[in-house]
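A short write-up of the structure that comes next.
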Amino acid sequence: MRGVIGDARMTNEICFMTARDLKQKIRAREISAREVMRAQLEQIERVNPRVNAIVTLDVEGALAAADAADRALARGDAVGVLHGLPIAHKDLQETRGMRTTFGSPVYREYMPTSDSLLVERLKHAGALRIGKTNVPEFGAGSQTFNPVFGATRNPYDVTKTCGGSSGGAAAALACGMIPIADGSDMGGSLRNPANFCNVVGFRPSPGRVPIYSEKFAWQTLAVDGPMARTVGDAALLLSAMAGPDARSPIALQDAGEMFARPLARDFKGTRIAWARGFDLPFDARVKKIVNEQARVFEALGCIVEHAEPDLRDADEIFKTLRAWSFATSLEKEYTDHHAQLKDTVIWNIEAGLKLTGADLGRVEIKRAELYQRARAFMEQYEFLILPVSQVLPFDVDQPYVTEINSVAMTTYIDWMKSCYYISVTGQPALSVPCGFTEEGMAVGLQIVGRHRDDWGVLQLGNAFEEATGCWKRRPSFL
């Protein structure tokens, strides 16, 4: 692929154009889908060796798809909302005819015969599959490394982690290798890597993006969602992801097209709760940068008050439901390929296998009570603001955080409570760039909305983004 674009300046311009602008230029035939695809492939060839974000790549297939997209426009065919835009799918999404490993040696050579519902939907919307993005093994943990492809590195400091589990997607976006990417989030897997890599990750309401699952058709803890460099681009991608589907019994009936509308809104008088931190330990640099942003929301006309909902029991609820999910989905792998699984995955499965019906019933009751407390709180405030992660990006060779401010983390996910406490409530949550430390590490801010108010969260995120422009800062090596 070397030299597919002779003009490096033009390649750079295409690769960091917003998805919305690319879409319009492709539709107007000011630039071809093939030119866009070739620019992205050039960028992947040049940059990916530094960060290891794209782990499976189909050059010929991507270019052929781009050519087909251009022919469709030339014929005057009706095209989808993402027509001609390159996308890389998270390596937890099954892709027909393209290897899907789940980051596990058990599935090193697995070739799906069908697409996941999400991949199918994005293909129908006109997105062009370029490859797959790296994940931790089975998506377990917010640090992206696995024995199949190795670790993905942070574009702002390649000695640090990019976060996870949608880490490959976040790093690829930050480096301009793709304009949009899909991710998934149980305990922060969309929000944490977006936070670490200065991009946008949106955890939508459960059911907003339908998931076809034979085992977990009714579960609401894990969701699929969009990632992009801007909130507007994430909303554009969500417009193709969202919408009803009979294969998902919890799918919301709202049409996805609503998310393609303009995001502008007047926030004068909007009440925002600024969380104190739920008594969790935070790196002081994270809190400093996030707290400095209160003035931005005040400048937007918001009324900012220090308050937070009562989320007691969130830790027990999340860990119990997560363990049950691991045991149910990976019991066969645990039985047949035990020696090939990483220790933290084994720990989660074994914790789930020990659960009783009474255990699950108890946490479901506690989750219902927590939801009602959060709902009552959000009747007073339209939005809740808090940091995305409790720490800054850490060493890429460190599997997970073991201590924050001399407070020991008892499990490999304890450092993600600022994210997974919110997962338990079922509220939509957005990670949006908000600044950098003196060391050059990105920090994100988390905007949480009322039950199913995905649109409002995106609108506030867009207003904040326009006021700060933090997303425009690119990795220095580009």
Open item on the list: Just to be sure before I move on: is Ser189 over 19 Å from Ser476 (Cα atoms), among the polar types (S, T, N, Q), crowded, with 23+ Cβ neighbours inside 10 Å and touching a strand residue (DSSP E or B) at 6+ places or on another chain (Cβ under 6 Å) in the structure I sent?
Closed with: no
Open item on the list: Any residue that is in contact with a strand residue (DSSP E or B) (Cβ under 6 Å, 6 or more places away or on another chain), at pLDDT 95 or above and of a type in the set (Val, Ile, Thr) - is there at least one of those in the range 462-475?
Closed with: no
Open item on the list: Take the conditions surrounded by 24 or more Cβ atoms within 10 Å (Cβ to Cβ), free of Cβ contacts under 8 Å to residues at least 40 places away in the same chain and not charged (D, E, K, R) and apply them to Gly164. Does it pass?
Closed with: yes
Task: Residue within the range 42-60 that is of a type in the set (A, V, I, L, M, F, W, C), farther than 21 Å from Cys15 by Cβ and in a loop (DSSP other than H, G, I, E, B) present - done: no
- [ ] Taking Ser418 as the residue in question, decide whether it is crowded, with 24+ Cβ neighbours inside 10 Å and of a type in the set (S, T, N, Q).
- [x] yes
Task: Matching residues, the range 356-387, being over 21 Å from Leu321 (Cα atoms) and either outside any helix (DSSP H, G or I) or over 28 Å from the mean Cα position of the chain (by Cα) (or both) - done: Glu379, Gln380, Tyr381, Glu382, Phe383, Leu384, Ile385, Leu386, Pro387
Open item on the list: Looking at the structure I just gave you, is Lys332 more than 22 Å from Gln219 (Cβ to Cβ) and of a type in the set (Lys, Arg)?
Closed with: no
TODO: Could you grab the pairs with beta carbons closer than 7 Å, sequence gap of 6+ or different chains, first residue in the range 213-228 and farther than 13 Å from Ala251 by Cβ, second one of a type in the set (Phe, Trp, Tyr)?
DONE: Gly225/Phe202; Pro226/Phe202
TODO: Search the range 431-460 for residues being within 16 Å of the chain's Cα centre (by Cα) and farther than 25 Å from Asp157 by Cβ, and hand back the single one that is surrounded by the fewest Cβ atoms within 10 Å (Cβ to Cβ).
DONE: Val448
- [ ] For the range 333-355, state whether one or more residues are modelled with pLDDT of 95 or more, over 25 Å from Pro226 (Cα atoms), basic (Lys, Arg) and outside any strand (DSSP E or B).
- [x] yes
Task: Conditions (1) under 26 Å from the mean Cα position of the chain (by Cα); (2) part of a loop (DSSP other than H, G, I, E, B); (3) surrounded by fewer than 19 Cβ atoms within 10 Å (Cβ to Cβ): number failed by His83 - done: (3)
Task: Residue ranges of strands (runs of 3 or more DSSP E) in the range 150-266 with at least 2 members among the charged types (D, E, K, R) - done: 157-161, 180-185
Open item on the list: If I go through the range 297-341 residue by residue, how many of them are surrounded by fewer than 17 Cβ atoms within 10 Å (Cβ to Cβ) and either in contact with a Gly (Cβ under 6 Å, 6 or more places away or on another chain) or of a type in the set (A, V, I, L, M, F, W, C) (or both)?
Closed with: 4
Open item on the list: Can you tell me how many residues within the range 37-80 are surrounded by 24 or more Cβ atoms within 10 Å (Cβ to Cβ), touching a Cys at 6+ places or on another chain (Cβ under 9 Å) and either aromatic (Phe, Trp, Tyr) or closer than 23 Å to Pro136 by Cα (or both)?
Closed with: 3
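The values are calculated or read from the model by the stated rules, or taken from the named source; none is laboratory data. Because the structure is a prediction, the values reported are computed rather than measured. Ideal geometry is used to build each Cβ from the backbone, glycine not excepted, and the neighbour counts take in all protein chains shown.
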